[in-house]
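Data first, discussion second: the structure below is written as structure tokens.
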């Protein structure tokens, strides 16, 4: 295994941020950590990147413990933090130059790599502009670029697409796939289920500091069988109706978020009429209904009864 | 180690890119020194003339000489007045002080029986003393001249010189010569004051004090706010990214310290040069002394900045706290006025101020021809402060990252 996380724990005073998790990454794969905000993904990544010390457990990269050889392991890693970790008054080129220096790169190689990374990011023309003049998407790209300069074996990406436009997101996701094709191992965290589904070979779903499920996308989806996600947008929905829906045949989970009611149900297409009837009988005005094939969101709903984005 | 220099270089580059604050701190120090130079009458040493009203009821040679002497001193602007209005003049602060020469004053001086001159002044005014001294000096001159003339007359009589006109002329000539000699001082002063330990002192002017006071205060602003960059780095998460690189924590902190220290050095250098060439401040003969003192002063301010950055949680808290600490300790430490004029308790309090130790050291170097060895106590105390501040910072950081 390229990276092994063994019984990793982090306790802050009385709060267990990470509660004894285990997972491993094979060389050359994209591994996704999926979970809602506060699930413990960032804490896990901070421990893998050597930013915070685990309360217990260990992280082994290519046979070396991060606790014993942090410097060597940091040298083969690149971290893309969730926030834009750049100096806003400096240009993209100056930022990249500085971060390259921090990885001990010599001037000649650094210059070549800066030009190369700027080209990959599609920002060559804006290279000498100050970061604080960039759009959110461009900042995100440079934020990633700073972690790529030294050509790390392992790239850790902590929610790298938060708050950006769809075009920039697509650019970033395609770039991640490209990097992986070139042999880079990637640990990717997100609470966007679609991103994880699109990118990752294997996924671990985290909730409240624990891994509640892990495997390939197919393995995870198999956990909910042939269940569909039926989403009903309705006015005047009343809380007691949740119980009525739950006793319907095949219904596994019901989740209410404002006027949107999500029902995880086996053979969703067949049960749709029964579901709509419940709404009509109780005087609810149904505005729209959609049926979705099983996905990781459905897996999370199935396992926790909550939505991934809560 | 190399990485520490890159981090220091980054701090300098950031200051260069975002130089408004840095320029402001230098500009404000020069501006306030300039304002003080205006208050002290400029660097040409032309004193502001004090308006003085005088009522001459005597109109004798001696009364005219008193008025003329005060006018020629260059210190006073004489305004001839009348007895009925001189009190109003003083009360309305049109003049600083007034005096009335009574009728018969000249005759009484001739006879050696002095009459009182009435001084009119506000209760808190201090100008009357100098005028009284000047009047006494004129009277003494007259007395000396009169004595000289009398001696000539007596000698003439003793020698039985037949022509009394000759004796009178000789006596008058002697009188005029003595008065004339006393009128204009032949020697101008290049003052050297003697201190208790016997060393000579250079002339130390209020403007010199303002220049170094504002230099120290505004350098503290720059250094303390720059130290707050660490808090800013935490906010922008570059600190965490730095920690994720294979860079030793010591190099990161050392690089930050070095960068801010160099910014402080640049500011002090610019302000010293500005003081020298814009305000003609004389920093004394010991360049090594000034460098050593400023080096440890900056170190202690840097320590204070890091300690504050470690103790507070946000940049906002630091920005609120720093001016209070800087202005407060600048007042206590004597940046605004010489410590000699402060009360003993204030002088004791100055011992707890970094600026106090720096300013007394600089004053010593500027006025006493002192060297590094003479300000060793100041240097040691500032080093002690630095050690204490850094110790508290490290303890706090150790506790934080436990």
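Of these, B:322, B:370, which one is assigned to a loop (DSSP other than H, G, I, E, B) and either at pLDDT below 85 or closer than 21 Å to residue B:221 by Cα (or both)?
Details: B:322 fails: assigned to a loop (DSSP other than H, G, I, E, B).
After applying the criteria, what remains is B:370.
Restrict the check to segment B:26-47 and report whether at least one residue is loosely packed, with under 14 Cβ neighbours inside 10 Å, within 14 Å of another protein chain (Cβ to nearest Cβ), at pLDDT below 85 and not in a helix (DSSP H, G or I).
no
Out of (1) modelled with pLDDT under 80; (2) loosely packed, with under 15 Cβ neighbours inside 10 Å; (3) away from every other protein chain (no Cβ under 14 Å), what's the single condition that is false for residue B:1?
That leaves (3) as the condition not met.
Would you check if residue A:39 is modelled with pLDDT under 95 and touching a helix residue (DSSP H, G or I) at 6+ places or on another chain (Cβ under 6 Å)? Spell out the reasoning first.
Values: modelled with pLDDT under 95: yes; touching a helix residue (DSSP H, G or I) at 6+ places or on another chain (Cβ under 6 Å): no.
It is false that residue A:39 is modelled with pLDDT under 95 and touching a helix residue (DSSP H, G or I) at 6+ places or on another chain (Cβ under 6 Å).
Can you list the helices (runs of 4 or more DSSP H) found entirely within segment B:227-304 that contain at least 2 residues being modelled with pLDDT of 90 or more? Walk me through how you get there before you give the answer.
Values: elements: B:229-236, B:238-244, B:249-278.
Because the criterion is at least 2 residues that are modelled with pLDDT of 90 or more, the helices (runs of 4 or more DSSP H) in segment B:227-304 that meet it are B:238-244, B:249-278.
When you look at residue B:256, is it touching a helix residue (DSSP H, G or I) at 6+ places or on another chain (Cβ under 8 Å), surrounded by fewer than 18 Cβ atoms within 10 Å (Cβ to Cβ) and either within 14 Å of chain A (Cβ to nearest Cβ) or within 28 Å of residue A:73 (Cα to Cα) (or both), yes or no? Show your work before the answer.
Details: touching a helix residue (DSSP H, G or I) at 6+ places or on another chain (Cβ under 8 Å): yes; surrounded by fewer than 18 Cβ atoms within 10 Å (Cβ to Cβ): no; either within 14 Å of chain A (Cβ to nearest Cβ) or within 28 Å of residue A:73 (Cα to Cα) (or both): yes.
No; evaluated as a whole, the condition is false for this residue.
From (1) more than 14 Å from chain A (Cβ to nearest Cβ); (2) outside any loop (DSSP other than H, G, I, E, B), pick out the condition that doesn't hold for residue B:93.
(2)
In the set A:110, A:149, which member is touching a residue at least 40 places away in the same chain (Cβ under 8 Å) and within 14 Å of another protein chain (Cβ to nearest Cβ)?
On the way: A:110 fails: touching a residue at least 40 places away in the same chain (Cβ under 8 Å).
Testing whether each residue is touching a residue at least 40 places away in the same chain (Cβ under 8 Å) and within 14 Å of another protein chain (Cβ to nearest Cβ) leaves just A:149.
Failed condition for residue B:115, given (1) part of a helix (DSSP H, G or I); (2) touching a helix residue (DSSP H, G or I) at 6+ places or on another chain (Cβ under 8 Å), with all others met?
Only one criterion is unmet by residue B:115, namely (1).
For segment A:29-51, enumerate the residues that are closer than 19 Å to residue A:206 by Cα, within 12 Å of another protein chain (Cβ to nearest Cβ) and in contact (Cβ under 8 Å) with a residue 24 or more places away in the chain.
The answer is A:42, A:45, A:47, A:48, A:49.
Output the number of residues of segment A:257-288 satisfying the condition of being part of a strand (DSSP E or B), surrounded by fewer than 15 Cβ atoms within 10 Å (Cβ to Cβ) and in contact with a helix residue (DSSP H, G or I) (Cβ under 9 Å, 6 or more places away or on another chain).
Looking only at segment A:257-288, we keep the residues that are part of a strand (DSSP E or B), and these are A:257, A:260-266, A:285-288.
Restricting the remaining residues to those that are surrounded by fewer than 15 Cβ atoms within 10 Å (Cβ to Cβ) gives A:257, A:285, A:287-288.
From what's left, in contact with a helix residue (DSSP H, G or I) (Cβ under 9 Å, 6 or more places away or on another chain): A:285.
Of the residues in segment A:257-288, 1 are part of a strand (DSSP E or B), surrounded by fewer than 15 Cβ atoms within 10 Å (Cβ to Cβ) and in contact with a helix residue (DSSP H, G or I) (Cβ under 9 Å, 6 or more places away or on another chain).
For segment B:205-215, does any single residue satisfy the condition of being within 14 Å of chain A (Cβ to nearest Cβ) and at pLDDT below 85? Outline the logic, then answer.
Quick first cut of segment B:205-215, residues within 14 Å of chain A (Cβ to nearest Cβ) only: none.
No, there is no match, as no residue in segment B:205-215 is within 14 Å of chain A (Cβ to nearest Cβ) and at pLDDT below 85.
Just to be sure, is residue A:69 within 14 Å of another protein chain (Cβ to nearest Cβ) and surrounded by 17 or more Cβ atoms within 10 Å (Cβ to Cβ)? Quick ask: steps written out before the conclusion?
Values: within 14 Å of another protein chain (Cβ to nearest Cβ): yes; surrounded by 17 or more Cβ atoms within 10 Å (Cβ to Cβ): no.
Answer is no for this residue.
Does residue A:128 satisfy the criteria of being surrounded by fewer than 20 Cβ atoms within 10 Å (Cβ to Cβ), within 14 Å of another protein chain (Cβ to nearest Cβ) and touching a strand residue (DSSP E or B) at 6+ places or on another chain (Cβ under 7 Å)? Can you show your working first?
Numbers: surrounded by fewer than 20 Cβ atoms within 10 Å (Cβ to Cβ): yes; within 14 Å of another protein chain (Cβ to nearest Cβ): yes; touching a strand residue (DSSP E or B) at 6+ places or on another chain (Cβ under 7 Å): yes.
For residue A:128, the condition - surrounded by fewer than 20 Cβ atoms within 10 Å (Cβ to Cβ), within 14 Å of another protein chain (Cβ to nearest Cβ) and touching a strand residue (DSSP E or B) at 6+ places or on another chain (Cβ under 7 Å) - is met.
What strands (runs of 3 or more DSSP E) completely inside segment A:130-244 contain at least 3 residues that are under 25 Å from residue B:244 (Cα atoms)? Even if it seems obvious, please write down each step before you answer.
On the way: elements: A:154-158, A:185-190, A:202-207, A:210-216, A:227-235.
Output list reads A:154-158, A:185-190, A:202-207.
Report every pair of residues separated by at least 6 positions or lying on different chains whose Cβ atoms are under 6 Å apart, first residue within segment B:106-126 and in the same structural domain as residue B:81 (by TED's automatic domain parsing), second surrounded by 17 or more Cβ atoms within 10 Å (Cβ to Cβ) and at pLDDT below 75.
Partner pairs satisfying both residue conditions: B:119/B:128; B:121/B:128.
Considering segment A:235-275 alone, what residues qualify as being more than 25 Å from residue A:223 (Cβ to Cβ) and touching a residue at least 24 places away in the same chain (Cβ under 8 Å)?
In the first step, residues of segment A:235-275 are kept if they are more than 25 Å from residue A:223 (Cβ to Cβ); the result is A:235-241, A:244, A:258-259, A:273.
Within segment A:235-275, A:235, A:236, A:237, A:238, A:241, A:244, A:259 meet the criteria.
If you check B:298, B:339, B:354, which single one turns out to be within 19 Å of the chain's Cα centre (by Cα), under 23 Å from residue B:207 (Cα atoms), buried (at least 24 other Cβ atoms within 10 Å of the Cβ) and in contact (Cβ under 8 Å) with a residue 12 or more places away in the chain? Give the steps one after another, and end with the answer.
Working: B:298 fails: within 19 Å of the chain's Cα centre (by Cα); B:339 fails: buried (at least 24 other Cβ atoms within 10 Å of the Cβ).
Of the residues listed, the single one that is within 19 Å of the chain's Cα centre (by Cα), under 23 Å from residue B:207 (Cα atoms), buried (at least 24 other Cβ atoms within 10 Å of the Cβ) and in contact (Cβ under 8 Å) with a residue 12 or more places away in the chain is B:354.
For segment A:112-130, give me the residue count where each residue is over 23 Å from residue A:88 (Cβ atoms) and over 28 Å from the mean Cα position of the chain (by Cα).
1
Go through segment A:95-109 and give me each residue that's within 22 Å of residue B:1 (Cβ to Cβ) and buried (at least 19 other Cβ atoms within 10 Å of the Cβ). Talk me through it step by step, then tell me what you get.
Step one: filter segment A:95-109 for residues within 22 Å of residue B:1 (Cβ to Cβ), giving A:97-109.
Once the filter is applied, which keeps residues that are within 22 Å of residue B:1 (Cβ to Cβ) and buried (at least 19 other Cβ atoms within 10 Å of the Cβ), segment A:95-109 yields A:97, A:98, A:99, A:100, A:101, A:102, A:103, A:105.
The values are calculated or read from the model by the stated rules, or taken from the named source; none is laboratory data. Everything quoted here is computed from the prediction, not taken from an experiment. Glycine gets a Cβ as well: all are built from the backbone with ideal geometry, and neighbour counts include every protein chain shown.
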